[in-house]
Structure formats: structure tokens, C-alpha cells
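Student: My questions all concern the structure below.
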Amino acid sequence: MSLEEIKGIGPKTIDILKKINITSISELLEYYPYKYLILNNTELSNTINNSGLIIGIIQDNPRVSYIRKNLNRMSFRFFTNNKIINVTIFNRAFMKNYLTIGKRISIIGKYNPKTNSFIASDIKLKEINKSEIEVKYHSVLGLKNNQIHKIILNCLQNKIDTIDYVPYEYQIKYKFIDKYNALREIHEPTNVKLIKQAKLRLIYEEFFKFMFKMNYLKNKRTKNNYGLARSVDFKKIESFIKKLPFELTKDQNSSVESIYNDLTTPIRMNRLLLGDVGSGKTIVSIIALYINYLGGYQGALMAPTEVLAIQHYESITKLLTNVKIGLLIGSMKLKEKKEVIEKIANNEIDIVIGTHAILSENVTFNNLGLVITDEQHRFGVNQRKTMQNKGVLTDILYMSATPIPRTYALALYGDMDLSIIKTKPNGRRKIETIVKKESEIKDVLESIWTELKNGHQIYVVAPLIDDEESELNDIKKLKNNFQKAFGSKVNIGILHGKMKKDEKNKIMQEYKENKVQILISTTVIEVGIDVKNATVMVIYNAEMFGLATLHQLRGRVGRNELTSYCYLICNKDIKRLKVLEESNDGFYISEKDFEMRGSGDLFGIKQSGDMVFKIGDIRQDYKILLQCKEDSEKYLNNFDNNILYDDIINSLDINN
């Protein structure tokens, strides 16, 4: 059955549903409510401090007044609990004609006995005498909550066949209700207990599918996925490491050994290098590229921004002096690009560093052996696959500076091998982090002035580029304020995502050369930018950001032996931000961020197709996720010839 066959779904509704990625019956049924309202009739006195529902009779015709363009107020007198009260509700003028004198209705809201007024949040055009549960869906432009609910119920009334991904043995073991009834209860609930049972069953199924796919892919890769077995003497790698101007940490050495083993055995590498800000992932990736080069293959490192790609290019060129390195970024001139692309195809470049420009169809490699993606979550699944397919049996190394606890990483990246760098390089000092209110900004400015006099540089981060209507600080506002504070003595630059690439590169080059002393930016500086002379990071409206993002931003300073400072400017949510005062450990901070804000902010940004759960929450439902990891592993190991096993693989579109 298709969506077009469901009552209430016409061509316009089909178009609206497509915009929210609903193109099938199963996707519609997986558009779950985000909350439930329990409606119980109560006494007026019980709604003084808490929202409640009361029943009564309309006493006069509602009066509507328009406060401004998008705000109207409707008022009427209402008889309830043997007294007449004054009811006010906002933005419900469209209901006026339905609210006639003498009509019995239910209203939800709070009562103020001092003014005898009831501020309503909703009106129900019927009496609700017994407990009811109302479902609430995320709003969709062009579809009201009631319409979404109605078409989903119409869909369920057709008794459509639903694929049950939970193996029968686990349905029995956990006493799950069946799939159809779980969906019915989620969308048309009868009581709270059954909602919980339905949610548990659907969360388990979602996590089981996810972990099954992770475990299946890992099994497939290790059993059947042959890779390139390079013949490289490890003594050459040790010799290279000894010549470095610094000593590798224990975790860096361990990561290098794991990568060396991957690249010299005939199993395709699929490894995630997870490390805190400033932990030294880049040098590990350079060593990986060097091993690949010694093995006779080309390598590629893909960065999410041109600034970061150029930075990597400069670092690698200095360390691998005898290796032919190429740079390929979007802002290069056409002639320069063409030359680099020809050299890549002719094997005249051993290692290419670039951005999305490497993904272009006209970029072909002679013998690509290793692809490294920096800040892997910034690239979509299809982009990473495109890059991987540019070679034959290409090994893949993903890097991420977003530290998450090891147990979460093992569950979420179950199809990858994992290397974690926790130890910081020697000589790195703790970044002094201080939470300040905006009224205390003078202290911060004095600290900045001290650092400027010592020849150091400053980062300032704003949540917005330019917004005159908002009370938040924006780049334009801050530039004016800092210019007033320091006058012409200090050169101030700005950086944000709407600037052209060449403008961004120019301002970053000037900052690196200390021609710009204060750089005011949005969070575009969050990833990888390395200016060792910068010693102060000031983040305005810090309460707007997750702890993990703030920690990433803080990591732009403290990249040397100098004492560095991070000032978090905010007037609220200070308790949460105190976590950053306590610790410089990104893994500890991400754990706290995970606890306080949930899985949506785990990586600072929305994932590009890696981890999108419709009903499960990996923070609240983490125990279920772990159980599904264990169950799916057992199922894979014990039921190779089971029919359902094949059905799940086919239905999951396992190659995407």
C-alpha cells in the first residue's frame, strides 16, 4: 500500500510529507509524537500554580484585540466551579465563531485568584469529563497537529503489514507487545503504562536494527574484505618518529602501532582516531600517510575547511620533505587545479591534501591506498563513500576531535576499529577557564590588554553574525565595542561563514602573521585552526553553546607552553558552565554535556546520516542500546542460516 491510497492524503499532503522525508507508510508511522498531554478535569483551585483543565460554560461573546501583526488576544467570561471568571487566550482569534454563549467547553491553563483571571494555553470545544491523552507531533508547515494525527490513524486503520525487525526469540524473552499494537498505542494511546511498553518495544527495535547493521558490517569487513598488505619496515617509522622535534605520547605511539598493523595486513582498515583537542591526532595521521607512501601508494587527507586544509598542507610539507605533496582546494585558480589533478592522475603527487574539491569526478588517482578524513562527522556518508571508491581496496582512517566516552564510541561506531588519544603532548599547560558576567567585562578587557602588550593574540567568539533585533552579542556589535576599548592601537579582524573563501583565507593568514591581533568570529574557528601565539579565548553568550562545542573553541588557545585563558561571558546557566572551570579533559566534559543536554549535542552539530534515531535517545536509553549490541552480536553468530537474518539484511539496505 502507498501513501496515496490512505484517506486524507492528497497531492498537496504528499508534497508536504516529502519535505520531511516521509515517502512511505513505514516512514509515516515512524513520525512519532514528541510528547503526550494527560488531560484530567480538575478543580479551579488546583490550577492556581500549576496548569490544569477545567470545564464550564461561555457567558458572553469573545472579544478579540490585535496587539501586533502576529499577536492577538481573545477574552471572554466563563462560568465554572460556581463562579464566573475572566478567560484570556492568545493567538486563537480563529476560534471566535465556535465559542458561542452557553456552549460547554474545556480550557487548559492557570488561574490567578487575585485578579480572578484564567490565562489559557488551549481550548477544547468539548467537555473532557474523563482522563484523555493527547498526542503532540512536531509542527510541519502546511499540516496541523490534528491533520498529522488523523492521517496516521487512517493509515493504522488499514491494518497494514509492518516488518518486525525484532527476532522472535527476543520478542518472547522481553515479553514485547507486537509491532502493530505498539504503533497503535504510540499514536492513539489508551493509558500511560501501555505507552511505556510500546516505546520500549519500538526503541529496542530501532537500536537492534542499528547495532545489527554495525556488527554485520564489521563482520563482513573482517571476514571477506581483503585489503592492501604493504611491506614496510617498522624501523623506518621508528627512525622518522625519533627525528621529530617532540616526543610522542603513549596514546600516540599506541595509535601509530595499530595503524601500522592495519596497513601491513591484508584486511581493509576502517579505523576511527578519536582524540581530545590538541592531543596530537595530526602527527599520527601524517605518520599513517608516510607508512602508506613507503608501501608505494598514494594518500589523501580531506579536511572540512580550506583554512584547515592549508594548515595541514603546511605541516605535512615541513615534515615529509622528500615526499611530493599536493594541495587541492576550491578557491585555487582553474589552471592551478588542472595541474594538480593531472599530477594526481599521473602519480606525480604522493599525498594530496584538500577539501570537498577532492571529491570532484575529474579527480582520479593512479593508485590510491589511504584516505584520511579530518573531523569525519562533517562529511556525509555518501561523500566518504565517494572518496573511498576513488581507489581499489582503499584503507580509511577517520579523525575526530569530538571526544566521547569510550563505551558510547564502541556502541555508536561498532563497525570501526577505535584508537583513542587521551594524553596531551608534553609542555601543554592547563587553560585557565573563568566564567564571567557581562557586567564584569572590564576585568576581561584588562586581561586582554595585558596579553596584547606581551605580543599575544586574542580570539573572540559571538553566537551571531549580525542581528540588530536580538539581545545577543553579534560580530558587528562586538567589533564596535572592542574598537572603542582599544582604539587604533590594535588591528581587529572578523571571520564568519558567509564570507567568501578568499576573504576567509586572507584574514586567517593575516591572523597567523600577527597582522591581526584580535579575531572576532562565529564558531567557524571551532575546528583545527592552530595559531600558537593566541593565548586568550573570549566566548560571548556562552550559555548558547553545548559544553563540547565550548571545549572545542577553548582548544584554539593553549597550543604552546604559554599560560592561556578562556573567558565564558554569560548571565545565565552559569552552573552548567562551571564544568569547564573544573576540567580541561574533553572526555569528562563530553560526558557531562551528554548528561545535561542529551545526544543531540554530542557532536556539537547534527550528524550527516550517521546517527539519527527517531524514538530512541542514546543518553536516556543507553542500557537498551548496549543490550541491543549484545543481542545483535549473538544473533549474528548463532543464526547465519536463519530466514529472518536475510530479510533484515535486505530490508536494512545494508550497503548505505
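Student: Restricting to segment 267-293, what's the tally of residues that are hydrophobic (A, V, I, L, M, F, W, C) and farther than 28 Å from LYS220 by Cα?
Tutor: 3
Student: Another one. Can you go through LYS250, LYS242, LYS281 and tell me which one is over 18 Å from LYS422 (Cβ atoms) and of a type in the set (Lys, Arg)?
Tutor: LYS242
Student: Select, from SER75, SER51, SER26, the only residue that is under 21 Å from ILE186 (Cα atoms) and of a type in the set (S, T, N, Q).
Tutor: SER26
For every residue, the table says whether it meets (1) buried (at least 18 other Cβ atoms within 10 Å of the Cβ); (2) farther than 29 Å from SER632 by Cα; (3) in contact with a Pro (Cβ under 8 Å, 6 or more places away or on another chain).
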site	(1), (2), (3)
ASN145	no, yes, no
LEU153	no, yes, no
ILE160	no, no, no
ILE163	no, no, no
GLU169	no, no, no
LYS173	no, no, no
GLU185	yes, no, no
GLU188	no, yes, no
ASN191	no, yes, no
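Student: What pairs come up if the first residue lies in segment 171-182 and is within 16 Å of ILE195 (Cβ to Cβ), the second is surrounded by fewer than 13 Cβ atoms within 10 Å (Cβ to Cβ), and their beta carbons are under 7 Å apart, counting only those six or more places apart or on different chains?
Tutor: Going by the 7 Å Cβ cut-off, there are no qualifying pairs.
Student: Filter segment 571-593 down to the residues that are farther than 16 Å from SER400 by Cα and not in a helix (DSSP H, G or I) and list them by number.
Tutor: Of everything in segment 571-593, those that are farther than 16 Å from SER400 by Cα and not in a helix (DSSP H, G or I) turn out to be ASN571, LYS572, ASP573, SER583, ASN584.
Student: Would you mind stating whether ARG73 is more than 25 Å from GLU134 (Cβ to Cβ), basic (Lys, Arg) and assigned to a strand (DSSP E or B)?
Tutor: Here the answer is no, as ARG73 does not meet what is asked.
Student: When segment 561-583 is examined, which residues are found to be of a type in the set (D, E, K, R), touching a residue at least 60 places away in the same chain (Cβ under 8 Å) and over 9 Å from ILE434 (Cα atoms)?
Tutor: If the condition is that a residue be of a type in the set (D, E, K, R), touching a residue at least 60 places away in the same chain (Cβ under 8 Å) and over 9 Å from ILE434 (Cα atoms), then GLU561 is the only one that fits.
Student: Out of the helices (runs of 4 or more DSSP H) lying entirely within segment 227-299, which hold 3 or more residues that are assigned by TED's automatic domain parsing to the domain that holds ALA401 and surrounded by 20 or more Cβ atoms within 10 Å (Cβ to Cβ)?
Tutor: 250-263, 281-294
Student: Being at pLDDT below 95, of a type in the set (D, E, K, R) and not in a helix (DSSP H, G or I) narrows it down to one residue among LYS12, LYS7; which is it?
Tutor: Only one candidate passes the filter, namely LYS7.
Student: Show the residue pairs that are 6+ apart or on different chains and have beta-carbon atoms under 9 Å apart, the first residue being within segment 489-505 and in contact (Cβ under 8 Å) with a residue 40 or more places away in the chain, the second being crowded, with 17+ Cβ neighbours inside 10 Å and of a type in the set (Asp, Glu).
Tutor: LYS501/GLU306; LYS504/GLU306; ASN505/GLU306
Student: So, of the residues in segment 532-557 that are of a type in the set (A, V, I, L, M, F, W, C) and in contact with a His (Cβ under 8 Å, 6 or more places away or on another chain), which turns out to be surrounded by the fewest Cβ atoms within 10 Å (Cβ to Cβ)?
Tutor: The qualifying residue surrounded by the fewest Cβ atoms within 10 Å (Cβ to Cβ) is VAL536.
Student: Out of the residues in segment 333-363 meeting the condition of being part of a helix (DSSP H, G or I) and not aliphatic (A, V, I, L, M), tell me which one is surrounded by the fewest Cβ atoms within 10 Å (Cβ to Cβ).
Tutor: LYS335
Student: Filter segment 500-531 for residues that are at pLDDT 90 or above and surrounded by fewer than 18 Cβ atoms within 10 Å (Cβ to Cβ); which is farthest from THR450 (Cα to Cα)?
Tutor: So the residue we want is GLU510.
Student: Something else: Give segment 364-411 a look and list any residue that's among the basic types (Lys, Arg) and either modelled with pLDDT of 80 or more or part of a strand (DSSP E or B) (or both), or say none.
Tutor: none
Student: Among GLU582, GLU561, GLU503, which is of a type in the set (Asp, Glu) and within 27 Å of the chain's Cα centre (by Cα)?
Tutor: Exactly one of GLU582, GLU561, GLU503 is of a type in the set (Asp, Glu) and within 27 Å of the chain's Cα centre (by Cα), namely GLU582.
Student: Related question: Just to check your reading of the model, which residue among ASN215, ASN219 is crowded, with 18+ Cβ neighbours inside 10 Å, touching a helix residue (DSSP H, G or I) at 6+ places or on another chain (Cβ under 8 Å), within 30 Å of VAL371 (Cβ to Cβ) and among the polar types (S, T, N, Q)?
Tutor: Among ASN215, ASN219, only ASN215 is crowded, with 18+ Cβ neighbours inside 10 Å, touching a helix residue (DSSP H, G or I) at 6+ places or on another chain (Cβ under 8 Å), within 30 Å of VAL371 (Cβ to Cβ) and among the polar types (S, T, N, Q).
Student: Quick one: in segment 48-70, of everything that is in contact with a Leu (Cβ under 8 Å, 6 or more places away or on another chain) and outside any loop (DSSP other than H, G, I, E, B), which residue is farthest from ILE119 (Cα to Cα)?
Tutor: ILE58
Student: With the condition kept exactly as written, say whether any residue in segment 77-88 is touching a residue at least 24 places away in the same chain (Cβ under 8 Å) and over 17 Å from LYS114 (Cα atoms).
Tutor: No, the conditions are met nowhere in segment 77-88.
Student: Another question, then. Collect the residues in segment 126-143 that are surrounded by fewer than 13 Cβ atoms within 10 Å (Cβ to Cβ) and either farther than 25 Å from ILE48 by Cβ or at pLDDT 95 or above (or both), keeping them in residue-number order.
Tutor: Listed by number, the residues that qualify are HIS138, SER139, LEU141, GLY142.
Student: Going through segment 436-473 one residue at a time, which ones are more than 26 Å from GLU581 (Cβ to Cβ) and at pLDDT below 90?
Tutor: Within segment 436-473, ILE465, ASP466, ASP467, GLU468, GLU469, SER470 qualify.
Student: Please enumerate the residues belonging to segment 135-169 that are among the hydroxyl-bearing types (Ser, Thr, Tyr) and either more than 29 Å from the chain's Cα centre (by Cα) or assigned by TED's automatic domain parsing to the domain that holds ASP122 (or both).
Tutor: THR162, TYR168
Student: Right, here's the next one. I need the full set of residues from segment 43-55 which are β-branched (Val, Ile, Thr), crowded, with 16+ Cβ neighbours inside 10 Å and over 39 Å from the mean Cα position of the chain (by Cα), in order please.
Tutor: Selection gives ILE54, ILE55.
The values are calculated or read from the model by the stated rules, or taken from the named source; none is laboratory data. Just so it is clear, the model here is predicted, and its values are computed rather than measured. Cβ: placed from backbone, ideal geometry, glycine included. Neighbour counts: every protein chain shown.
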